[in-house]
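A.B. asks: The structure's right below; bear with me while I get my questions together.
Just so you know, all these numbers are worked out from the coordinates, no wet-lab data involved. Keep in mind that what you see is a predicted model, and the values were worked out from it rather than measured. Here the Cβ positions follow ideal geometry from the backbone for every residue, glycine too, while neighbour counts run over all protein chains shown.
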Amino acid sequence: MAELFLVKERPKISQIQNSFNYIGNIIVAVFSLLILTEYIVRLQFYINAPVSLTYSLPVALFGVFTVIFFI
């Protein structure tokens, strides 16, 4: 994205882009550790455990946000 701006503005844009990348990685890591871990444990005991809305809704929202923010 930094390539779209003037040369003197590129370092600032790159900093902003890196900050948002770090925030996104933190959100995904927290989601994976706190929410999905519980479902994986449940799958170990019952392999056909249904996927509840608690797990499927955030995954779908992450996908929608990815598409929206890419545009």
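A.B. asks: What do you get for the angle between helix 53-70 and the principal long axis of the chain? Use alpha-carbon atoms, 0 to 90 degrees, nearest ten.
C.D. replies: Roughly 20 degrees, rounded to the nearest 10.
A.B. asks: Counting only helical runs of four or more DSSP H residues, what would the 222 nm mean residue ellipticity of the chain come to if each run contributes -39,500 (n - 2.57) and the total is spread over all its residues?
C.D. replies: Details: 3 runs with 49 residues, N = 71.
Helix-only estimate at 222 nm: -23000 deg cm²/dmol.
A.B. asks: Related question: Roughly how many nanometres apart are two label points built 7 Å out from the Cα toward the Cβ at residue 56 and residue 33?
C.D. replies: Modelled inter-label distance: 2.8 nm.
A.B. asks: Also, I was wondering about something else. Quick check: pseudo-label points 7 Å beyond the Cα along Cα→Cβ at residue 46 and residue 15, how many nm apart are they?
C.D. replies: So the two model labels end up 5.2 nm from each other.
A.B. asks: Give me the Kirkwood hydrodynamic radius of the chain, using the inverse of the mean 1/r over all pairs of distinct Cα atoms, in Å to one decimal.
C.D. replies: So the Kirkwood estimate lands at 14.7 Å.
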